[in-house]
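This report refers to the structure that appears directly beneath it.
The values are calculated or read from the model by the stated rules, or taken from the named source; none is laboratory data. Since the model is a prediction, treat every value here as computed from it, not as a measurement. Neighbour counts are summed over all protein chains in view; Cβ atoms, including those assigned to glycine, are modelled from backbone coordinates with ideal geometry.
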Amino acid sequence: MVKKVDHIGIAVHSIEEALFFYKDILQLHFLGMEEVHTQQVKVAFLSAGGETKIELLEPMSADSPIAKFLEKKGEGIHHIAFGVDDLSIRLEELKIRGIPLIDEVPRRGAANNQIAFLHPKAAKNVLVELCEKSHGGDRDES
């Protein structure tokens, strides 16, 4: 079912402040930034070696899901994302198995990929995202 760890999402108050650590200290390659208006979040991508990325998440409004997360838990790991093929089929399989889902159907996420979240109680309080790459939507790591 899972092809790889696609990315680790980290909630931050300020991407600009967080980039210093990830770019300058850890020397991760900056891949780009975008705004996902449907999620009210600004996202920065960094290559963490191979195909795995770090995704820094900054809220664009006080009522966004990331703002609520930051208010409740503070800065830190928000989710882990696994790359899959056929996300719709994977969600149906999980639903049949009784796995609690936040998203029962895929939705558009960053880099124009299809994403869906599993409820944290399915994975011992870890928010799990499944993502299916759109053709041409993945960020180039060169």
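Data for the structure
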read-out	value
Single residue of Glu92, Glu55, Glu132 found to be crowded, with 18+ Cβ neighbours inside 10 Å, of a type in the set (Asp, Glu) and within 14 Å of Met1 (Cβ to Cβ)	Glu132
Any hit, segment 28-37, residues being buried (at least 16 other Cβ atoms within 10 Å of the Cβ), acidic (Asp, Glu), assigned to a strand (DSSP E or B) and at pLDDT 95 or above	no
Matching residues in segment 23-72 - criterion: being polar (S, T, N, Q) and either touching a strand residue (DSSP E or B) at 6+ places or on another chain (Cβ under 7 Å) or more than 14 Å from Ala11 (Cα to Cα) (or both)	Gln27, Thr38, Gln40, Ser47, Thr52, Ser64
Subset of segment 38-51 (residues that are closer than 19 Å to Gln114 by Cβ and modelled with pLDDT under 95)	Thr38, Gln39, Glu51
Identity of the residue in segment 95-129, charged (D, E, K, R) and assigned to a loop (DSSP other than H, G, I, E, B), that ends up surrounded by the most Cβ atoms within 10 Å (Cβ to Cβ)	Asp103
Criterion: surrounded by fewer than 20 Cβ atoms within 10 Å (Cβ to Cβ), closer than 19 Å to Ile80 by Cα and of a type in the set (S, T, N, Q) - qualifying residue of Ser47, Ser61, Ser14	Ser47
